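Undergrad: Here's a structure for you.
The values are calculated or read from the model by the stated rules, or taken from the named source; none is laboratory data. Computed from a predicted model, the values in this text were never measured in an experiment. Note that we place each Cβ from the backbone using ideal geometry, even for glycine, and neighbour counts take in every protein chain shown. Each accessible area value is taken on the protein alone, full model and side chains, heavy atoms only, with ligands, DNA and RNA left out. Shrake-Rupley method; radii C 1.70, N 1.55, O 1.52, S 1.80 Å.
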Amino acid sequence: DGWRLVPATLEAMRLLATDNTLVFLYGRTREPMGTKGEQGHDPAFDALVSQIKAGGGRVDGTIACPHDSEMNCHCWGDFPGILWVPANQFGLHLEDCYVLADNEQNVNTAYAAGARPLVVLCGRTIGEIFGDRPSHKDYPIAVDMTTAVGYIGVEEDIAEQIGQSRN
């Protein structure tokens, strides 16, 4: 409830709000299972979406894992249901989708789904996020959301020039 997005993040979200993109917020809900009301609804997401919209950005949907972090669910890691659901619902090709990740679990989930992870440090070091031995090493790392959105822009320019996303 106390999350306040910094102006640079709001600007990055505004830059993502183009006619040829879909933007989803995803994560674990902070509400216990069975109390969220409609499926995938979380008041914390509502607060973030409101801030993004007020900053000129757009969020096309929120995807919430309702499972406790200690539960062995099929939303994250080797069973990336958190990404398969919107891909199925919106006919997305995950190999053309970016996952802005802020931890190793998100990177592993993106790889398992065939999506393109992009790590955002947000003031942390690579070591703080991944330790000494990350499970994957071939993804861009951005210091902040604005840099991450810039990377996506470059990748999309390349895809437009060569007719497909780079591997």
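Undergrad: Share of antiparallel DSSP beta bridges in the chain, in percent to the nearest 5?
TA: 0
Undergrad: Take the chain, connect every pair of alpha-carbon atoms lying under 10 Å apart with a spring to form a Gaussian network, then pick out the residue of 58, 14, 124 with the largest mean-square fluctuation.
TA: So, out of 58, 14, 124, the one fluctuating most is 124.
Undergrad: Here is a further query. Taking the chain as a Gaussian network, Cα atoms linked when under 10 Å apart, which of 54, 113, 12 shows the biggest mean-square fluctuation?
TA: 54
Undergrad: Another question, then. Which entry in (1) 17.9; (2) 16.7; (3) 15.8 is this structure's computed Kirkwood radius over Cα pairs in Å?
TA: Read-out from the structure maps to (2).
Undergrad: Would you mind pulling out the separation of the Cα centroids of region 41-81 and region 89-111, in Å?
TA: Here the answer is 13 Å between Cα centres.
Undergrad: To continue, here is another question. For residue 125 and residue 137 in one chain, what is 0.36 nm times their gap in residues minus the Cα-Cα distance, to one decimal in nm?
TA: Here the answer is 2.8 nm.
Undergrad: To continue, here is another question. With each label point set 7 Å from Cα along the Cα-Cβ vector, what nm distance links residue 46 and residue 103?
TA: Each label point is offset 7 Å from its Cα along the Cβ direction, giving 2.4 nm.
Undergrad: On the accessible surface of region 59-167, probed at 1.4 Å, how many percent belong to carbon and sulfur atoms?
TA: Carbon-and-sulfur percentage of accessible area, whole number: 50.
Undergrad: Shifting gears a bit: Between residue 19 and residue 159, what length comes free when the chain is fully extended (0.36 nm per residue of separation minus the Cα-Cα distance, one decimal in nm)?
TA: 48.7 nm
Undergrad: Roughly how many Å² is the accessible area per residue of region 41-105, as a whole number, for a 1.4 Å probe?
TA: Accessible area per residue: 53 Å².
Undergrad: Set the Förster distance to 35 Å, then compute FRET efficiency between residue 8 and residue 71 from the Cβ-Cβ distance, nearest 0.05.
TA: 0.55
Undergrad: In a Gaussian network model over the chain where Cα atoms closer than 10 Å are linked, find which of 156, 11, 128 has the largest mean-square fluctuation.
TA: Evaluated over the chain, the most mobile residue of the options is 128.
Undergrad: Would you mind counting up the charge near residue 57? Only other residues with Cβ under 12 Å from its Cβ, with Lys and Arg at +1 and Asp and Glu at -1.
TA: Summing Lys/Arg as +1 and Asp/Glu as -1 gives +1.
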